[in-house]
Amino acid sequence: MINDIIWDYFAMFRIGNLKKNNLANKLSFFPFYFIGMTLCGPFLSHTKILGRIAAVQFAVFAPIVLSYFSVLAHPVHLPKMMYLCPMQPDERRKYIYGSYYFRIGVHMLPGVLGVCIAVVYSYCDIFSVIEMLLNDLTIALLISREQEAGGIVTGDMIFVIATLSSVIQTGIIADAEPDMGMKAVLFAVFCLIQLPLEIRHLKSAGKQLQAAISFENTIH
């Protein structure tokens, strides 16, 4: 089954599937968002080496873009035709949960690589590493906004907060003497805002994963 999960994951990036999900429209703001975040770097740091800030921000931000793009391209359910296949509920459960966990792992690999680049080219300490990885993880765990239960869209809020937090972190760690006060603020934001939102979102994700096993709950 793992071979099917891997194959289907990459197959969802076909042009036809992307057009069907209108991903071009959903991601049209990303170039402007990235440029704006990159230009914020010099204002978040006292260093004059702007190229280094931009390189570190790209290494951290690019995996976040990939992760969010993948969330939009891979909804938490089977394609409609697959529900017509003779699969037992237990097989559907293994496939759906396996696909979700595989996607999380794929999202985290470039995130870890980006943080490693940040460590090499900045004054990154263990606390910044942990927080940037947690930001990557919160985005990797997202499900498509159309699937959030109860009509409460928390995924976009999580994405924006986590992205801003990581970008601010890259500005802070560009200095030999980072602003510890700002680091404390970012940690407080994670504990008081990001974490509660993530817990609520994971509850929604759990419901959607369970509902995706049933044909009746998924096909509307």
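The values are calculated or read from the model by the stated rules, or taken from the named source; none is laboratory data. Just so we're clear, the structure is a prediction, and the values are computed from it rather than from any experiment. Glycine also receives a Cβ, built like all others from the backbone with ideal geometry; neighbour counts cover every protein chain displayed. We work out accessible area using only protein heavy atoms, side chains counted, and drop any ligands, DNA or RNA first. Shrake-Rupley method; radii C 1.70, N 1.55, O 1.52, S 1.80 Å.
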Item checked: The lone exception for LEU142 - which of (1) modelled with pLDDT under 85; (2) open to solvent by less than 40 Å² (accessible area, probe 1.4 Å); (3) part of a loop (DSSP other than H, G, I, E, B) it fails -> (1)
Notebook entry, point to check: For the range 145-158, how many residues are buried (at least 18 other Cβ atoms within 10 Å of the Cβ) and either modelled with pLDDT of 85 or more or of a type in the set (Gly, Ala, Ser) (or both)?
Noted result: 2
Margin query: If I filter the range 98-137 down to residues being of a type in the set (S, T, N, Q) and open to solvent by 10 Å² or more (accessible area, probe 1.4 Å), which single residue comes out as modelled with the highest pLDDT?
Written below: SER99
Margin query: Against the condition crowded, with 16+ Cβ neighbours inside 10 Å, modelled with pLDDT of 85 or more and not polar (S, T, N, Q), how does ALA212 come out, does it pass?
Written below: no
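Condition test on LEU186, is it modelled with pLDDT of 80 or more and either touching a Ser or Thr at 6+ places or on another chain (Cβ under 6 Å) or closer than 23 Å to LEU78 by Cα (or both)?
Numbers: modelled with pLDDT of 80 or more: yes; either touching a Ser or Thr at 6+ places or on another chain (Cβ under 6 Å) or closer than 23 Å to LEU78 by Cα (or both): yes.
When the stated conditions are applied, LEU186 passes them.
Give me the residue from the range 171-204 that is open to solvent by less than 30 Å² (accessible area, probe 1.4 Å) and touching a Phe, Trp or Tyr at 6+ places or on another chain (Cβ under 8 Å) and, out of that set, nearest to LEU134 (Cα to Cα). Outline the logic, then answer.
Pass one, the range 171-204, residues open to solvent by less than 30 Å² (accessible area, probe 1.4 Å): 171-175, 183, 186, 190, 194, 197-198, 201, 204.
With the extra rule that they be touching a Phe, Trp or Tyr at 6+ places or on another chain (Cβ under 8 Å), the set shrinks to 171, 173-175, 183.
Details: GLY171: 17, ILE173: 17, ALA174: 20, ASP175: 22, LYS183: 14 Å.
Among those residues, the one meeting the criterion is LYS183.
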Notebook entry, point to check: Considering the range 55-85 alone, what residues qualify as being in a helix (DSSP H, G or I) and modelled with pLDDT under 70?
Noted result: LYS80, MET81, MET82, TYR83, LEU84
